[in-house]
Amino acid sequence: MRFLMTSTGKQSTDEALYIEMGKFMEELTSSGVLLATGGMDLGTTLFEAVDGTVTVTDGPFAEAREVVGGFALIEVRSKEEAVELTRRFFKIIGDGEGRMHRILD
Amino acid sequence: MTAPDAHRAIDAVWKFESTKIIAGLTGVVRDVGLAEEFAQDALVAALEQWPRQGIPDNPGAWLMTTAKRRAIDHIRRNARLEDKQKEIARTLEQQGSDEHVDDDVLRLMFMSCHPVLPPESRTALTLRLLGGLTAGEIARAFLVSEQTVTQRIADAKRTLAEKRIPFELPPRPELADRLASVLEVVYLIFNEGYAATSGDDLMRPTLCLEALRLGRLLADLAPRQAEVHGLVALMELHASRSAARTGPSGEPVQLHEQNRGRWDQLLVRRGFAAMLRAREIGDPPGPYVLQAAIAVHHAQAKSAEDTDWPRIAALYGALVRQMPSPVVQLNRAIALGMAHGPQVGLDVVDQLVRDPALKNYHLLSGVRGDLLARLGRHDEATREFERAASLTHNAAERAFLRRRAAAGAPPRVEATLGQATREFLAREDLDPETVRSYGQTLRRLCLDLGPKTPLVDITAGDVLRVFAVAWGTAAPKTWNRHRAAVRSFRTWASVDDLSAELARKPESRTRRAPIALPQLETLCEQSDTALREQTLWWLLYESTVSAKTALSLDIEDLDLPRRHGQFTRGSESHRLSWQSGTAVLLPRLVEGRCRGPLFLADRRPAPSRMPRSADLCPDTGRGRLSYERAEYLFKRATKRLDPSGAGYTLHQLSRSGPRREDP
């Protein structure tokens, strides 16, 4: 089953963190768990469609202390595996916030 | 966290970590049965402690430490302490985090797929040890009882111990056979999931996913084996079609009727990437690489009509020579039937009917029925479909075959462009080269005008429009070749003259004009031309070697002061030399570097697309500049110079050099 994860956190300049993160990503990529990943601008654009009229509102809606965002599309056997991977992810990046949505097939 | 939640979380950790733990322990205690027991002890400890204390920071390390402690206790408790065991206990105590764990995992894989084990034990043991699946999960996947699986695993471990199968990578002479056995196990697991041999569902996705994981793991551990990448490519590409393979009520949808929009493009791309890795290794293609190449052709076809059947039939021909199995022959017959007409396919199938190995193989009847139906022999086709339906054990497939048997003769419909194209190309009086050439033309017409368009609705104007866009800027020779295809097609189909508006173009014998020296100078003087591009262009112009050769050069190959370098083509060594234009640029390009690729890409490659180390700069980590990128940059830069507006090619540039004109 596939999950889309998004996360926000503080910017870091810690070299060791980058190396550890790189290793983590590489392991997940080669095992096929990580299907796609990338950074994300936190400036959000919100769309609302009401009675056929689409309203577009430009964010930011995230709090200012969170300065970097990222997403990952992963393929795992169970929700628990996705949770475990997310836990490992935050162990590396430190404080932050994340969301996870199951992709329906 | 409630207890069941905690157990599921622990199970997730276990599935990530168990292989490494079992492999690491087997590396020390040399008995896979014992190693698994200690690992299981650690799991039991986790199930007791984690729900109360929470999951530790590094759960993998926790499990490993606990398992090792159990192993040490066990050895110490053993009354007859032999020296060897003391040594093992010492090793376990001293061992830090194990860097060789990857090798141990690979050894474990070779062990669990060892040919001394019967095939069903190999798959069960592999899923258990390398997939972290429980006996219950394996039993559900293979639709057998849990007890059977437990028994198979226990027997397998006993056999490995009794036959003293060493925990090691196979020695060179055995490597090919042993690797084949590992690949076979992985593919068996995949196929059991992809084309479930029994049960109600057509597919069991769990098994496919497990096999894919095992394949990717193996590709990571044995990256120099082309067949490993071939198998991964094959599985990724087959898996990409999963969603499209079954209809709303679970019935199978055949490849040519699948909605290609539902193919999983992520997996297609992974498959292509794996195939490229296999090709880069450069070994002659083995059975998995050949099968993957066939899957690649299907994945590349935009529609069923677009499929390059002659090429696929040829690949099956190569596969038959390596794997002369009747099932491969049957697939070759299908491809031949599509490439050269149903009668050609049927001739091959009719020989297979005599093969006793296929006497209960439902697909043989299914394929024969299909070919007969296409030849209009509907009574015989119905009998074959009924026979196939009674032979299959899969409920979804049975229902499908029954429906085909009941369908009988299809209602005659007005011929569409797609149908006419298929029948035209299936004629037996055309040689393969002609079929291929005509196929290109007609597939383009199908693509642009729609394969479902009735043939009678197509006008000469429609054809001209397609030609103008597709081949308007191509060489006259190309245009005339496509024109000839349309003329042949319209004669055969006895429709209006579809080529009426296509004028024949005069063919000149000259090549595309060479690029003059002043043009190259102008190009390089433009302020946005990077040093790398300037150097490459001058080198191609002055040395006249091909762009591929130039891009393959390493800095070690060059002698800058003498203005020459060497490269190998096949097994021969060749020389190239250059003049002042290149000579002033080269030292600047290599400045500070003394090895690795001469022309580097702008960025470092992503971890998932890491090229071989020979294509990486050891100092900067950047990869070798690709031909595609170099060609694109040159075309972009020369757009303004080229009267046709398309831009020049690097091939043209290297043929423009001084020595060609003045030998």
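Screening the candidates B:346, B:319, B:358 for the property of being touching a Leu at 6+ places or on another chain (Cβ under 7 Å) and under 29 Å from residue B:420 (Cα atoms) yields one hit, B:346. I'd like the full set of residues that are without any contact (Cβ under 8 Å) to a residue 60 or more places away in the chain and out of contact with any Leu (no Cβ under 7 Å at 6 or more places or on another chain), limited to the range B:621-639. Hits for the range B:621-639 are B:621, B:628, B:629, B:632, B:635, B:636, B:639.
Listed here are the residues, each with its yes/no results for (1) outside the structural domain of residue B:440 (by TED's automatic domain parsing); (2) on the phi > 0 side of the Ramachandran plot; (3) in a helix (DSSP H, G or I); (4) open to solvent by less than 50 Å² (accessible area, probe 1.4 Å).
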| site | (1), (2), (3), (4) |
| --- | --- |
| B:321 | yes, no, yes, no |
| B:328 | yes, no, yes, yes |
| B:331 | yes, no, yes, no |
| B:345 | yes, no, yes, yes |
| B:357 | yes, no, yes, no |
| B:360 | yes, no, no, no |
| B:364 | yes, no, yes, yes |
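Applying the criterion of at least 1 residues that are within 12 Å of the chain's Cα centre (by Cα) and under 22 Å from residue B:236 (Cα atoms) to the strands (runs of 3 or more DSSP E) found wholly in the range A:23-105 leaves A:34-40, A:68-75. Just the residues that are open to solvent by less than 60 Å² (accessible area, probe 1.4 Å) and under 26 Å from residue B:212 (Cα atoms), please, taken from the range A:5-24. Once the filter is applied, which keeps residues that are open to solvent by less than 60 Å² (accessible area, probe 1.4 Å) and under 26 Å from residue B:212 (Cα atoms), the range A:5-24 yields A:5, A:6, A:21, A:22, A:24.
Screening residue B:584 against (1) open to solvent by 90 Å² or more (accessible area, probe 1.4 Å); (2) within 25 Å of residue B:222 (Cα to Cα); (3) among the aliphatic types (A, V, I, L, M); (4) modelled with pLDDT of 85 or more leaves a single unmet condition, (2). I need the helices (runs of 4 or more DSSP H) fully contained in the range B:469-571, keeping only those with at least 1 residues that are open to solvent by 40 Å² or more (accessible area, probe 1.4 Å) and in contact (Cβ under 8 Å) with a residue 60 or more places away in the chain. Answer list for the range B:469-571: B:476-493, B:517-525, B:547-552.
For the residues B:569, B:490, B:563, B:575, the requirement of being in contact with a Phe, Trp or Tyr (Cβ under 6 Å, 6 or more places away or on another chain) and over 28 Å from residue B:643 (Cα atoms) singles out B:563. In the range B:162-189, the qualifying residues are those that are over 13 Å from residue B:110 (Cα atoms), under 22 Å from the mean Cα position of the chain (by Cα) and open to solvent by 10 Å² or more (accessible area, probe 1.4 Å), and the one that is modelled with the lowest pLDDT is B:188. Of the set (1) facing another protein chain (nearest Cβ under 9 Å); (2) surrounded by fewer than 16 Cβ atoms within 10 Å (Cβ to Cβ), all apply to residue A:35 but (2). Among the residues making up the range B:46-63, those that are surrounded by fewer than 19 Cβ atoms within 10 Å (Cβ to Cβ) and either more than 12 Å from chain A (Cβ to nearest Cβ) or in a loop (DSSP other than H, G, I, E, B) (or both) are B:47, B:48, B:49, B:51, B:52, B:53, B:54, B:56, B:57, B:58, B:61.
The values are calculated or read from the model by the stated rules, or taken from the named source; none is laboratory data. Being a predicted model, the structure only gives us computed values, none of them experimental. Glycine gets a Cβ as well: all are built from the backbone with ideal geometry, and neighbour counts include every protein chain shown. Calculation scope for accessible area: heavy atoms of the full protein, side chains included, ligands and nucleic acids excluded. Shrake-Rupley method; radii C 1.70, N 1.55, O 1.52, S 1.80 Å.
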